[in-house]
Amino acid sequence: MRRTYATLAALCVGVFVVGTSEYLISGLLPQVGADLKVSVGTAGQAVTVYALGVVVGGPVVAVLTARTPRKGLALGLMLLFAAGSAISALAPSYEVLLAGRLVSSFSHAAFLALALVMATGVVPPERSGTAISAVASGFTVATLLGVPLGTLLGDAAGWRAPFAVLTALALAAVALLAAVLPRRPAPATRLRDEVRVVTRRPVLLAIATTAVGFSGVSAVFTYIAPLLTRVSGFSSTAVSGLLLAYGAGSFLGNLVAGRLTDRSMSATVRGVLGGLAGVLVLMPFAAVRQPSAVAAVLVLGLLATATIAPLQGLILRLAGEAPTLAVSANVGAFNLGAAAGSAVGGVIVAAGALRWAGLAGAALSLAGLALTYLALPREPAATRPDDVPAAV
């Protein structure tokens, strides 16, 4: 049992490091733009490039490493992530920064998918939901602590410093994973089994729901720092505190969503996406007053990560014995949503309508809500997620 806890903790640490990188740059856009002589909208495309790298690189890496021993793969992916972070920290130009972000992104989806699959492999089947929540909490803690602390460090020591620290943390995670991960034989799953699973209609619909629904969050959150400074009138230091509030909401939302998913997976996902649409449509009006801006940021954080547990749990259940590619594709779907949302937000920012990005985000979340009626079966009131069939 002690070895199981150590394994879950090590995977959680790895997810924390990788998760911090994804949105770290969101709180540093003004500094990055000023240093590398690009606009804030252009600097925000570093989020887009990272997300697209995850979308493309994750499934490709999963396919190429389908028969690789899991422990060695985890260590290799984390080393690749460390290399990308180091390139970002030393980047002399905007183009090199994008290259560093791209290198890191190639390990992102593959590592997160591997962590989820390995976590469920070290616990009894009846505790797989707890294992998923434990590993996913690394991502929410990254939002709660990693991103705001990185923003504070960037304000104090320059935007490169957080990437240097992230490189050191990634190397420390490699050492931890090497020490505690169990050695297991290479998976016997064939590549065609993984491809067959990911092309099933229920799996594809769940992936589409993830991508479309989450894009609404990214349309606003990518540009949250300039929104709060230019529209709400907060200082850069205050923005770091608000990002901490956002992360606290994310952590709590993940825990609450896990409990609610036990009662109804469909109702949880639909309720979260409907709530996201509501807070996003109110964001342009809440942002003009500081108290309401604080409340909106907190609620947005509460709902933003609440889709992770039910959607990833559904993918794992549908995938059966060949989950790696499907889970990696769904991680990529979150990032495809981030890429689409940040691109939409970038167009709105470039047009001088920063305040109104929330309306576009609300429309995207509503589209994701509509997709849930195709992706998720109707559940009777007493039905639990465990009743969802393993294959469709």
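The values are calculated or read from the model by the stated rules, or taken from the named source; none is laboratory data. Fair warning: this is a prediction, and the values are worked out from it, not measured in the lab. Every residue, glycine among them, receives a Cβ derived from its backbone with ideal geometry; neighbour counts consider all protein chains shown.
Values as computed for the structure displayed
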| quantity | calculated |
| --- | --- |
| Arg230, sole failed condition from (1) surrounded by 18 or more Cβ atoms within 10 Å (Cβ to Cβ); (2) over 19 Å from Ile308 (Cα atoms); (3) of a type outside the set (S, T, N, Q) | (1) |
| Boolean, Val256 is of a type outside the set (D, E, K, R), within 19 Å of the chain's Cα centre (by Cα), surrounded by fewer than 24 Cβ atoms within 10 Å (Cβ to Cβ) and assigned to a helix (DSSP H, G or I) | yes |
| Single residue of Val195, Val174, Val203, Val165 found to be at negative phi and more than 22 Å from the chain's Cα centre (by Cα) | Val195 |
| For Leu145: the one exception among (1) crowded, with 18+ Cβ neighbours inside 10 Å; (2) under 23 Å from Leu302 (Cα atoms) | (1) |
| Residues (free of Cβ contacts under 8 Å to residues at least 12 places away in the same chain and in a helix (DSSP H, G or I)) located in the range 209-253 | Ala238 |
| The one condition in (1) exposed (fewer than 14 other Cβ atoms within 10 Å of the Cβ); (2) closer than 22 Å to Val61 by Cβ that Ala179 fails to fulfil | (2) |
| Condition check for Asn330: touching a Ser or Thr at 6+ places or on another chain (Cβ under 9 Å) and modelled with pLDDT under 75 | no |
| Of all residues in the range 259-290 being modelled with pLDDT of 80 or more and outside any helix (DSSP H, G or I), the one that is surrounded by the most Cβ atoms within 10 Å (Cβ to Cβ) | Ala287 |
